[in-house]
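K.L.:
My questions will all concern the structure given below.
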Amino acid sequence: HMVREHPSGVLLLAQLAAILLYPFFGDNTFGRLVIGVFGLAILTVAVWAVRRTPALTWVAVLLGGPAMVLTVVEALVPDHRGVAVVSAVFHAPFYLYVSWAMIRYLFEDRKVTRDELLAVGAAFTVVAWAFAYVFSGVQAIWPGSFTGFGDPGDRTWFDLLFASFANLTGVGLSDVVPVLPHARSVVMV
């Protein structure tokens, strides 16, 4: 009943759960598979939440379907830069589309419901996910685009999600910093 009545809340909770669960699984094949499967569930909830809006479902399916497949492929071949770029090409617009559809859902009527309030939070987290994929694509095209505290080299997807949230919320500087010009341009935009 709750899932039917509050799909935006389910999406928000799923995304927050993914953020909290990610550190427990680590950056290994098994962990990526578990988080990837959880990501598939989040994508399914996102498509379902969009279907409830006046937005076009077929756009969600055209972007979300390949994104689901690429989630698994990325877990299996995490260091393949071409896969990361193609994944970013489908994931980022999919998440931005879902966010747009949720915002459209918010303005559909004049009465504010509990699900619409949850949609505000979900739309924000969906935008953060979108930019994490944009940053991932930038890093795959221009290796070394981001630096951070700790190990040298490319940042993990979770590091990039953290950088996305830090930039969107304005809570302060992140320990993941764009260092190459292309990465800095994308982060500024």
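K.L.:
Between Val179 and Trp58, 0.36 nm times their residue separation minus their Cα-Cα distance comes to what?
P.N.:
39.8 nm
K.L.:
Express in nm, to one decimal, how much length is gained between His1 and Lys111 on full extension, taking 0.36 nm for each residue of separation and deducting their alpha carbon distance. Walk me through the intermediate numbers first.
P.N.:
Details: separation 110, 0.36 × 110 = 39.60 nm, distance 2.09 nm.
Working it through step by step, the gained length comes to 37.5 nm.
K.L.:
Only helical DSSP H runs with n ≥ 4 go in: add -39500 (n - 2.57) per run for the chain, normalise by residue count and round the 222 nm mean residue ellipticity to 500 deg cm²/dmol.
P.N.:
Calculated mean residue ellipticity at 222 nm is -25000 deg cm²/dmol.
K.L.:
Convex hull over the alpha-carbon atoms of region 41-179: what's its volume per residue in Å³?
P.N.:
Hull volume normalised by residue count: 107 Å³.
K.L.:
Which whole-Hz couplings ³J(HN,Hα) result when phi for each residue of region 136-142 is put into the Karplus expression 6.51 cos²θ - 1.76 cosθ + 1.60, θ = phi - 60°, listed in order with x for Gly and Pro?
P.N.:
Whole-Hz 3J(HN,Hα) from phi for region 136-142: 4, x, 4, 5, 5, 6, 10.
K.L.:
Using a simple charge model, +1 on the beta-carbon of Lys and Arg, -1 on the beta-carbon of Asp and Glu, nothing else, what dipole does region 89-189 show about its Cα centre, in debye to the nearest 20?
P.N.:
Numbers: 6 positive and 8 negative charges, 52 e Å.
The calculated dipole for region 89-189 is roughly 240 debye.
K.L.:
Here is a further query. Show me the three semi-axes of the equivalent ellipsoid for region 77-125, from the C-alpha gyration tensor (sqrt of 5 times each eigenvalue), largest first, rounded to whole Å.
P.N.:
That gives 32, 10, 5 Å for the three semi-axes.
K.L.:
Can you classify region 117-182 as rounded, prolate or oblate using the Cα gyration tensor, where a ≥ b ≥ c are the square roots of its eigenvalues, rounded means a/c under 1.5, and otherwise it's prolate if a/b beats b/c and oblate if not?
P.N.:
prolate
K.L.:
Expressed as a whole percentage, what fraction of the accessible surface of the chain belongs to carbon and sulfur atoms when a 1.4 Å probe is rolled over the protein heavy atoms?
P.N.:
Ligands and nucleic acids excluded, carbon and sulfur give 70 percent.
K.L.:
How large is the charge dipole for region 11-120, taken about the Cα centre, if only the Cβ atoms of Lys, Arg (+1) and Asp, Glu (-1) carry charge, to the nearest 20 debye? Write out the running numbers ahead of the final one.
P.N.:
On the way: 8 positive and 7 negative charges, 53 e Å.
In debye, rounded to 20, region 11-120 gives about 260.
K.L.:
Can I ask one more? Net charge near Leu76: determine it from the other residues with C-beta under 15 Å of the C-beta of Leu76, scoring Lys and Arg +1 and Asp and Glu -1.
P.N.:
On the way: positive: Arg32, Arg81; negative: Asp27, Glu74, Asp79.
Within the 15 Å Cβ shell, the charges total -1.
K.L.:
Who wins for biggest fluctuation among Pro143, Pro78, Pro152 in a Gaussian network model of the chain, springs between alpha carbons below 10 Å?
P.N.:
Answer for the Gaussian network model of the chain: Pro152.
K.L.:
While we're looking at this one, here's another question. When ligands, DNA and RNA are left out and all protein chains stay put, how many square angstrom of accessible area per residue does region 16-87 have with a 1.4 Å probe?
P.N.:
53
K.L.:
Given an 8 Å cut-off on Cα distances and at least 6 residues of separation, report the relative contact order of region 88-189 as a percent.
P.N.:
Relative contact order comes out at 26 percent.
K.L.:
Relative contact order of the chain: what whole-number percent is it, with Cα pairs under 8 angstrom and at least 6 residues apart?
P.N.:
Normalised by residue count, the contact order of the chain is 19 percent.
K.L.:
To continue, here is another question. I need the calculated FRET efficiency for the pair Ile141 and Ala17, taking r as the beta carbon distance and R₀ as 35 Å, to the nearest 0.05.
P.N.:
Efficiency for this residue pair is about 0.70.
K.L.:
How many Å³ per residue does the convex hull of the Cα positions in region 1-117 occupy?
P.N.:
Here the figure is 94 Å³ per residue.
The values are calculated or read from the model by the stated rules, or taken from the named source; none is laboratory data. All figures in this text were calculated on a predicted structure; none of them were measured in a lab. Using ideal geometry, Cβ is built from the backbone for each residue, glycine included, and neighbour counts are taken over all protein chains shown. Side chains are part of the model used for accessible areas, which takes the heavy atoms of the whole protein and leaves out ligands, DNA and RNA. Shrake-Rupley method; radii C 1.70, N 1.55, O 1.52, S 1.80 Å.
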